[in-house]
Amino acid sequence: MTRQTTPINPPAIRDAATVILLRRSETETRVLMGQRGKKAAFMPGKFVFPGGAVDPQDYHGLPPQDVERCEQDGTMPICSKRLAVGGSSAMAQAILTAARRELVEETGLSLNADAQMRFVFRAITPPKRPRRFDARFLLCDARDVVEDLDDFSRAEDELAYLQWVELSAALTLDLPFITRVVLAEIDALASSNEPPVAVPFYDHRGPIGRIISIE
């Protein structure tokens, strides 16, 4: 008897934004994390940073011609230029817009209009996963949050146990592999407000993942 297998088409890779909120004091640095539901299709039960896929409405922020003008006259910030690598300036703006939206939806917290988001890591979900994302990790200072940092009452129910976790303690949680890698990067960047020299990119579009740099 010949066993037949049904070919499975890998899911499309969706652009996504992930927000890493750092809450710094004289004695410690904490990061905001929450736990995904046990029955979630993607990373069930794992502790993660707030974030999610870019939606079509996220392209309706800054007019594309304004983004293009900034890129052409050299005034586009380095983080936005790096976000546009492999895509477009409009996509870079959509990722920044999605980051703000997802933060509000998943935590109830919002960033002020002048908040700076540092692009610090990029990762593509490996093949054979039920969902795949091209996630850009954006580092933000908790001082740029408008609301009470400990009030998550306006959050939707996608993340449970929202909490501020000290960086070293975060490594003891049930984390996805890539989140552990990102936490190591964050530990090295926590004492500075400058963009990284280069952005590590865990590119796993093919069967084997590789780390490259976005300059």
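The values are calculated or read from the model by the stated rules, or taken from the named source; none is laboratory data. These numbers come from a predicted model, not from an experiment. Note that each Cβ is placed from the backbone with ideal geometry, even for glycine, and that neighbours are counted across all protein chains shown. Accessible surface areas use protein heavy atoms only, side chains included; no ligands, DNA or RNA. Shrake-Rupley method; radii C 1.70, N 1.55, O 1.52, S 1.80 Å.
Give, rounded to the nearest 20 debye, the magnitude of the charge dipole that the stretch 110-207 has about its Cα centre when Lys and Arg contribute +1 at Cβ and Asp and Glu contribute -1 at Cβ.
Using only the charged Cβ atoms, the result is roughly 820 debye.
Would you tally the net charge around P126, using a Cβ to Cβ cut-off of less than 13 Å, leaving P126 out, and scoring K and R as +1, D and E as -1?
Within the 13 Å Cβ shell, the charges total +4.
Go through 194-201, 176-183 and give me the packing order, highest mean Cβ count within 10 Å leading.
176-183, 194-201
In the chain, what percentage of the DSSP-assigned beta bridges are antiparallel, given to the nearest 5?
Given both bridge residues lie in the chain, the antiparallel proportion sits at roughly 70 percent.
What does the accessible area per residue of the stretch 87-215 come to in Å², with a 1.4 Å probe and no ligands, DNA or RNA counted?
Heavy-atom accessible area per residue stands at 49 Å².
Assign unit charges at the C-beta atoms only (+1 for Lys and Arg, -1 for Asp and Glu), then state the dipole size of the chain relative to its Cα centre in Debye, rounded to the nearest 20.
Magnitude of the dipole: close to 1280 debye.
I'd like to compare 108-119, 128-139: which one has the highest average count of other Cβ atoms within 10 Å, and what's the full order after that?
The peptides rank, most packed first, as 128-139, 108-119.
Got a number for carbon plus sulfur as a percent of the stretch 17-59's accessible area, 1.4 Å probe?
Answer for the stretch 17-59 is 50 percent, counting heavy atoms of protein chains only.
What is the dipole size for the stretch 170-215, taken about its Cα centre, with +1 at each Lys and Arg Cβ and -1 at each Asp and Glu Cβ, in debye to the nearest 20?
200 debye
Please tell me the relative contact order of the chain in percent, rounded to the nearest whole number, where contacts are Cα pairs under 8 Å and at least six residues apart.
28 percent
Where Lys and Arg each count +1 and Asp and Glu each count -1, what net charge lies around D144 among other residues with Cβ under 13 Å from its Cβ?
For residues surrounding D144, the net value is +2.
How large is ³J(HN,Hα) for each residue in the stretch 121-136, as worked out from phi by the Karplus curve 6.51 cos²θ - 1.76 cosθ + 1.60 (θ = phi - 60°), to whole Hz, x for Gly and Pro?
Couplings: 6, 9, 8, 10, 4, x, x, 6, 9, x, 9, 10, 9, 9, 8, 10 Hz.
Taking the dipole about the Cα centre of the chain, with the C-beta of Lys and Arg at +1 and of Asp and Glu at -1, give me whichever of S153, P44, L21 is farthest to the positive side.
Value computed over the given set: P44.
What's the ranking of 24-32, 89-97 by average number of surrounding C-beta atoms within 10 Å, highest first?
By packing density, highest mean first, the sequence is 89-97, 24-32.
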